[in-house]
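Take a look at the structure set out below.
Derivation of every value follows stated rules applied to the coordinates shown; laboratory data play no part. Please read these numbers as outputs of a predicted model, since none were measured by experiment. Please note: Cβ atoms are built from the backbone with ideal geometry, for glycine as well, and neighbour counts cover all protein chains shown.
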Amino acid sequence: MAMHRESWAFVFGLLGNIISFGVFLAPLPTFYQIYKKKSTEGFQSLPYVVALFSAMLWIYYAFVKKEAALLLITINTFGIVVESIYLAIFLFYAPRKPRLSTIKLLLLLNVFGFGAMLLSTLYLSKGAKRLAIIGWICLVFNISVFAAPLFIIRRVIKTRSVEYMPFTLSMFLTINAVMWFFYGLLLKDYYVALPNTLGFLFGIIQMVMYLIYRNATPVALEPVKAQELNGHIIDVVKSGAMGPNHATTGGGVGKV
């Protein structure tokens, strides 16, 4: 029975990897536009810094866990590489002020923040206790990230426009959350499973909101620049500005 459960967990984790690969690559149109225009045009780096930090957390968790952690390692290794490339492009084309802000944020969160967490868990805990501490850190961080759709949902309601929340991306992010939820549930890894229940819930809400407002008459608001949050992805698009950008967020352990 245990082998049967682990086999199904592998299937769900593999599907989660495949979908998460696509989600990690979703910001490519944005960075292609940045490359073409040689300018970040007010885009923010925070979502990519957060996405990189999330992938770093899950890689650490996977290495400490060791058992049945291969699929966590593969997708989050890919996430680290992709988010690092995004940030390198951003830093190369960003004006001086946003570039300095991004460097400070990277140092604060990804260097000193992650380093402090790494050292404290390595030297102040061991075994199952260490894994539990890291797992709770990952869980709480991802729950806070999954709360991001509230901003998108609020904006859709205010603008009565679903251009900020494409149905297809919402659907794939919801499916992604389902894959990682069952992966965690079957392995009894609730640090993976629990945050994705929230990702699934917000994904369903977004699709319902799309169906409600898809034929509504839009209300003009001030334009905003695009933002993307990996895992989970937020892309708040200036109306007609950048083409195929997205506005939603979703989770998964690859986007865990």
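Observations on the model:
- In this structure, the pairs whose alpha-carbon distance is over 27 Å, taken from LYS104/LYS188; LYS36/LYS97; LYS104/LYS126; LYS38/LYS104; LYS38/LYS158, are LYS104/LYS188; LYS104/LYS126; LYS38/LYS158.
- Derived value for the stretch 1-48: Kirkwood hydrodynamic radius 13.5 Å. Basis is the mean of 1/r over every pair of different alpha-carbon atoms.
- Full-extension gain in nm, ALA216 to GLU163, via 0.36 nm per residue minus C-alpha separation: 18.0 nm
- Loop sites in the stretch 58-96: trypsin sites (Lys or Arg not before Pro), DSSP, at most 16 other Cβ within 10 Å: LYS66
- Calculated FRET value between ILE205 and PHE21, using beta carbons and R₀ = 22 Å, to 0.05: 0.35
- ILE73 versus LYS126: modelled label distance in nm, points set 7 Å from Cα along the beta carbon direction: 2.3
- For the peptides 119-127, 176-184, the ranking by mean Cβ contacts within 10 Å, running from highest to lowest, is 176-184, 119-127.
- Förster-model FRET efficiency, 30 Å R0, LYS38 and SER84, C-beta, rounded to 0.05: 0.90
- The Stokes-Einstein estimate for the stretch 49-164, based on a Kirkwood radius over Cα pairs and taken at 10 °C with 1.306 mPa s viscosity, is a diffusion coefficient of 98 µm²/s.
- √(5λ) per eigenvalue of the Cα gyration tensor, the stretch 1-214, largest first, Å: 29, 25, 15
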